[in-house]
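Read the structure below first, then the notes.
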Amino acid sequence: MTRRRLALVGAVLLVAACVERLTAPGHCPDYCPSGQITIVDTLLTTSINRDSSHRGYVVSYQSPVMLAAFLPDTTATLDGRPIFRFNGFGPRLPVSSVDTGQIRGADSARLQLYIVRRDTATHNLRLQFYRLPTTIDTTTTFDSVAAAFNNAPVRPTVYVDTLLAQPGGKDPVTGDSVVVDTVNHRWLLSLKFDAAAARYDGTSDSGAVAYGIRIAADTLASIAFGKGSVGPVLQWYLRVDSLGMPVARKPGILGTTLANFVFTPPTAPLDSTLAVGGLPSARSLLRVAFPKFIRDSSQIIRGTLFLVPAVAARGAPADSFVMEARTVLADFGRKSPIDPRLDDPIVIHPGAMDTIKIEVTNMLQLWAADTTHPTVFLLRPQAEAQYFGEIRFYPSKAALRPTLQITYVKQFPFGVP
């Protein structure tokens, strides 16, 4: 009996040991790795080196706008003046289907131009127009046309605020008008030039004419005129000889053959700092020695680039501009092709001296995913040569050098449970 009882108890214990207890929780150490997720925040103070600046990517005549400014309250008076030229119709115009007549001159003309950017804080905006030599070109400088701007304006000053206040935006005395485009946020000015202002000389220069604009305002005199499809156009009203009698002719509208702007003071030459913006536009390259222990065995969750201005950002006080950080497809110095996939922008305010912080997480993650990609930051203005603004940062050889802060997760130590 004793043996049977012992055998039965043993069988019961064996069956009980094989029963799965579904309601009993698992014991974590038996099923989970023993490691923990570790987040590391590190500041790379010496990883950026071999940085450089280059100028000349976009010059003034390549800009899609003509900048105009007069800011006497700045450290060095900023003075920007649009200059543009129209070619004429030559010495003769058709007076019939089989005959042409010599152009004797112009009765008047109408100039149209767009103000495509302005500061809403500007008050009492004023425009003055000057005749310039028709020899102006893309190499013309501020000093070379300064004498022409010292002559009398070719027509009365245009008071833009006064014109806007007129019924329908039309001045019945001067014949000027303005149309406000509330969709595209620009103004279309239509200005009448009399015979003296619209002088047509078809004998010496085939009717070509060139003008320059000076602006002024009670405060913040800084605007931008359009070019190209929204550039200046001129409509002449001419007198043409027909069998000894002058007849009126209204030939087609002419666009500019040159649209540019000149300015003073000229942009300071590059030095050891990292320049971004200005005219002609400047860009800076920052080469990064990306640590392998971050690139190869971690997951980057945030990256921030710190840049310290060497001087206060320059430019018109109201003309803040956007600087963007990008990376490049290949490192060829100043000719490095830009990678168009990623960009991280930040607004630069003239006069600011605060440390600039740019989020560059996407680019660092790209570098970690593609080990063949150049680890180079490129800094440039988003709208090159469309603002007078420029900023300069301390380089990698300075005490306040560029630094890179990276937050990353270490590789998880998976193991056998």
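Remarks
- In order through region 358-374: 3J(HN,Hα) via Karplus (6.51 cos²θ - 1.76 cosθ + 1.60), integer Hz, x for Gly, Pro: 10, 6, 10, 4, 4, 5, 5, 5, 5, 4, 5, 6, 10, 6, 8, 6, x
- Across region 256-400, the relative contact order, built from alpha-carbon pairs under 8 Å that are at least six residues apart, equals 39 percent.
- Largest to smallest accessible area among 323, 245, 353 [probe 1.4 Å]: 245, 353, 323
- Magnitude of the charge dipole, region 230-324, Cβ model with Lys/Arg +1 and Asp/Glu -1, debye to 20: 180 debye
- Normalised by the number of residues in the chain, the average gap of Cα pairs under 8 Å and 6 or more apart makes the relative contact order 26 percent.
- Residue-span extension gain [residue 308 to residue 199] - 0.36 nm each, minus C-alpha spacing: 33.9 nm
- Residue-normalised convex hull volume from the C-alpha trace of region 224-274: 148 Å³ per residue.
- Accessible-area rank, largest first, for 200, 237: 237, 200, with all protein chains present and a 1.4 angstrom probe.
- Per-residue HN-Hα couplings for region 121-137 [Karplus 6.51, -1.76, 1.60; θ = phi - 60°; Hz; x = Gly/Pro]: 7, 6, 10, 6, 5, 10, 10, 10, 10, 10, 7, 10, x, 6, 8, 4, 8
- Calculated mean residue ellipticity, 222 nm, the chain: -3000 deg cm²/dmol, from DSSP H runs (n ≥ 4) at -39500 (n - 2.57) each, averaged per residue and rounded to 500.
- Largest first, the residues 171, 143 sort by 1.4 Å accessible area into 143, 171.
- In the chain, inverting the average of 1/r over every pair of distinct C-alpha atoms gives 26.5 Å as the Kirkwood radius.
- Per residue, region 345-417 exposes 48 Å² of solvent-accessible protein surface, assessed with a 1.4 angstrom probe and all protein chains in place.
- Semi-axes of the equivalent ellipsoid of region 121-234 are 25, 17, 15 Å, computed as sqrt(5λ) over the eigenvalues of the C-alpha gyration tensor in descending order.
- Given a 1.4 Å probe and the protein chains as shown, residue 388 ends up with an accessible area of around 30 Å².
- Lysines with Cα under 29 Å of residue 335, excluding same-chain neighbours fewer than 8 positions away: 227, 292, 357, 397
- For region 199-242, Kirkwood radius (reciprocal of mean inverse C-alpha pair distance, Å): 14.0 Å
- Computed as a quarter of the hull surface, the mean projected area of the alpha carbon convex hull for region 177-217 stands at 4.7 nm².
- Extent along principal axes [Cα atoms of region 327-417; Å; largest to smallest]: 64, 29, 25
- Once the 1.4 Å probe is applied to the protein heavy atoms, region 215-331 comes out at 39 Å² accessible per residue.
- Principal axis dimensions, region 209-319 - Cα atoms, whole angstrom, descending: 89, 36, 25
- Shape summary: region 267-331 maps onto an equivalent ellipsoid whose semi-axes, from the alpha-carbon gyration tensor, are 30, 14, 12 Å in decreasing order.
- Phi angles across region 115-120 convert, under the Karplus curve 6.51 cos²θ - 1.76 cosθ + 1.60 with θ = phi - 60°, into 3J(HN,Hα) values of 9, 9, 8, 8, 9, 5 Hz, Gly and Pro given as x.
- Ligands, DNA and RNA left out, the 1.4 Å accessible surface of the chain is 55% carbon and sulfur atoms.
- For region 273-407, a Kirkwood radius taken over Cα pairs fed into Stokes-Einstein (20 °C, viscosity 1.002 mPa s) yields D = 141 µm²/s.
- Percent of alpha-carbon pairs separated by more than 19 Å within region 77-153: 58 percent
The values are calculated or read from the model by the stated rules, or taken from the named source; none is laboratory data. None of the values given here were measured: they were computed from a predicted structure. Positions of Cβ are backbone-derived with ideal geometry, glycine not excepted, and every protein chain shown enters the neighbour counts. Note: areas computed on protein heavy atoms with side chains; ligands, DNA, RNA excluded. Shrake-Rupley method; radii C 1.70, N 1.55, O 1.52, S 1.80 Å.
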